[in-house]
Amino acid sequence: MVARKWFEEEKWVKVFAADPEEIDPDKYIIAIYYIEPREGGDLKSAAIEIASEESIGTWTKVKTLKEPIFKYAAKAYLIKSSDGGGVAYIGYPLDLIDLEAGLSHLLSIVAGNLFGLSSLRNVRLLDLSFPKEYVTAFKGPKFGINGVRRLVGTADNPRPHLGTIIKPKVGLGPKETAEVAYEAALGGVDFIKDDETLTNQRFNPIEERVTHVMEKLDLVREETGRKILYAVNVTSDYDHLFKNAETAIQHGANTIMLDVIVAGYSALRALAEDPSIKVPIHVHRCMHAAMTRNKRHGIHMMVIAKLVRLSGGDQLHTGTAAGKMEKPEEGLGLLEEWGGVRAIRGINDFLRSEWYHMKTVLPVASGGLHPALVPANLRALGCPDIQLNAGGGIHGHPWGTRAGAKAMRQAMDAYLKGVTLEDYAREHPELKVALEHWGYKFLKK
Ligand code: CAP
Ligand code: MG
């Protein structure tokens, strides 16, 4: 039998737990956790321990903990158990929160020490809901889906956007990068981005790279009238971040990109809230899977999506229904809505939905995409407000980059017209070659 802990005493349960009707959603940030207590541990006690640890408590009672400090206590208020664990709702009072300190402070509370508590076998932060007072402290995205559409020219006839990643990830020089961008643009992409590992390396410095790429994209604009967005990866530690962004924009960049997990939400917010930065921000999430992959422990991608929207990202990678990356594990019972492709759809629908004054964020599906996988992704992830990015699936086409881009556009057009890929491929050779090359047959299962 596990010894009773101090916060299990009735007096302290009143401080760290509440009935649902006592929690005013306008006065609390609500965190939803999946919790698995250690062998013999109690779910309610585990939830109360988190509320205590992340607000005014610690492992033992302290003499200094007395009124009026109790008003800063977090409160566990809704606990539902399911196979070996359960879901717990914990309310964090706004009085506890330093609004000016932003998301780094918030995360120190809702995603802090709790992950290391020995009384828990697993704990996962599934979702956060914020009162208006908190959300309105953030400016959010400058462009959002509509703003990006106006730049690309799809605002009047919304359709899914097609993007590509210059491949190989690194190693090309500025001129070669521009040549690949030119081919992809003429093939029909709306968006081109640097890969998450390409920043300002000596073999491809931002200044030269942007200059050459934008020269080529201006040419495409003259030739086709189409405006293509090129997202320059400005990721770096803080001391170089704004230098990279300014260099990119001074040399013509019409979009910038940030690896938000490695650079930090505050870096994204600083870029997005800077009035001198007048271009959309594409947000990459590399390293997210270290936190998001395990369905029992870590942080759900929905939380990251909400923090990126608050920080001002205009586009965000959210996952694929079919591709090379691991999909969220299916959730059972109480966890159903947080698992599987359904979870990605839920995130995309949140990013596309109204949220107080906040602009929307364009969800991006990426990772092993090629034409044969287009229908499954558009169907499952929601259309038309979505972007499909393909790197290998475009530059790996047997006829080269331009044909690869055409094949992806053809697959998207086929889906929008309600025509099967087989039928559409009869009239579209680039698509036919891509389907044969990457083995369309497996889709017939
Ligand atoms: C895709 C990609 C993206 C991943 C990111 C890559 O290239 O450029 O970084 O999609 O994953 O480097 O793998 P391919 P996620 O099209 O060649 O696969 O979108 O899940 O964050
Ligand atoms: Mg990449």
Over the range 38-53, the set of residues among the polar types (S, T, N, Q) and out of contact with any Lys or Arg (no Cβ under 8 Å at 6 or more places or on another chain) is 52
Identity of the residue in the range 178-230, touching a His at 6+ places or on another chain (Cβ under 7 Å) and among the charged types (D, E, K, R), that ends up surrounded by the most Cβ atoms within 10 Å (Cβ to Cβ): 193
Based on what the data block shows, is residue 82 among the small types (Gly, Ala, Ser), open to solvent by 50 Å² or more (accessible area, probe 1.4 Å) and away from ligand 1 (no atom under 16 Å from the Cβ)? no
Any idea which residue in the range 10-31 is nearest to residue 81 (Cα to Cα), counting only those that are open to solvent by less than 20 Å² (accessible area, probe 1.4 Å) and within 30 Å of the chain's Cα centre (by Cα)? 31
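Residues checked against (1) under 22 Å from residue 135 (Cα atoms); (2) open to solvent by 40 Å² or more (accessible area, probe 1.4 Å):
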| position | (1), (2) |
| --- | --- |
| 47 | no, no |
| 57 | no, no |
| 61 | no, yes |
| 73 | yes, no |
| 78 | no, yes |
| 87 | no, no |
| 90 | yes, no |
| 99 | yes, yes |
Could you please give the count of residues in the range 145-177 that are more than 16 Å from ligand 2 (Cβ to nearest atom) and surrounded by fewer than 22 Cβ atoms within 10 Å (Cβ to Cβ)? 17
The lone exception for residue 289 - which of (1) over 19 Å from residue 240 (Cα atoms); (2) in contact (Cβ under 8 Å) with a residue 60 or more places away in the chain it fails: (2)
Yes or no: the range 338-361 includes at least one residue that is in contact with a strand residue (DSSP E or B) (Cβ under 7 Å, 6 or more places away or on another chain) and within 16 Å of ligand 2 (Cβ to nearest atom). no
Taking first residues from the range 387-404 that are free of Cβ contacts under 8 Å to residues at least 60 places away in the same chain and second residues anywhere that are aliphatic (A, V, I, L, M) and near ligand 1 (Cβ under 8 Å from one of its atoms), the pairs with Cβ under 7 Å that are 6 or more apart or on different chains are 393/369
Could you tell me how many of the residues in the range 340-355 are surrounded by fewer than 17 Cβ atoms within 10 Å (Cβ to Cβ) and modelled with pLDDT under 95? 1
Which condition does residue 31 not pass, out of (1) touching a residue at least 60 places away in the same chain (Cβ under 8 Å); (2) closer than 16 Å to residue 66 by Cα; (3) out of contact with any Ser or Thr (no Cβ under 6 Å at 6 or more places or on another chain), if it passes all the others? (2)
Among the residues in the range 201-223, are any away from ligand 2 (no atom under 16 Å from the Cβ), closer than 22 Å to residue 162 by Cα and aromatic (Phe, Trp, Tyr)? no
All positions within the range 273-286 that are open to solvent by 40 Å² or more (accessible area, probe 1.4 Å) and more than 15 Å from residue 244 (Cα to Cα): 273, 275
What number of residues in the range 356-372 are more than 17 Å from the chain's Cα centre (by Cα) and either open to solvent by 10 Å² or more (accessible area, probe 1.4 Å) or at pLDDT below 95 (or both)? 4
With criteria (1) surrounded by fewer than 19 Cβ atoms within 10 Å (Cβ to Cβ); (2) under 25 Å from the mean Cα position of the chain (by Cα), residue 110 comes up short on (1)
How many of the residues in the range 310-341 are within 21 Å of residue 358 (Cβ to Cβ), in contact with a Pro (Cβ under 7 Å, 6 or more places away or on another chain) and away from ligand 1 (no atom under 16 Å from the Cβ)? 1
Kindly provide the set of residues from the range 322-337 that are under 15 Å from the mean Cα position of the chain (by Cα) and either crowded, with 20+ Cβ neighbours inside 10 Å or not charged (D, E, K, R) (or both), ordered by number. 325, 328
In the range 294-308, is there at least one residue being more than 11 Å from ligand 1 (Cβ to nearest atom), open to solvent by 30 Å² or more (accessible area, probe 1.4 Å) and farther than 17 Å from residue 32 by Cβ? no
In the range 233-270, anything open to solvent by less than 10 Å² (accessible area, probe 1.4 Å) and either without any contact (Cβ under 8 Å) to a residue 40 or more places away in the chain or within 17 Å of the chain's Cα centre (by Cα) (or both) is listed as 233, 234, 241, 245, 256, 257, 258, 259, 260, 267, 268
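The values are calculated or read from the model by the stated rules, or taken from the named source; none is laboratory data. In this text the structure is predicted, and so the values were computed from the model without any measurement. Cβ coordinates were reconstructed from backbone atoms using ideal geometry, including for glycine residues, and neighbour counts include every protein chain displayed. Surface accessibility is based on the protein's heavy atoms, side chains included, excluding ligands, DNA and RNA. Shrake-Rupley method; radii C 1.70, N 1.55, O 1.52, S 1.80 Å.
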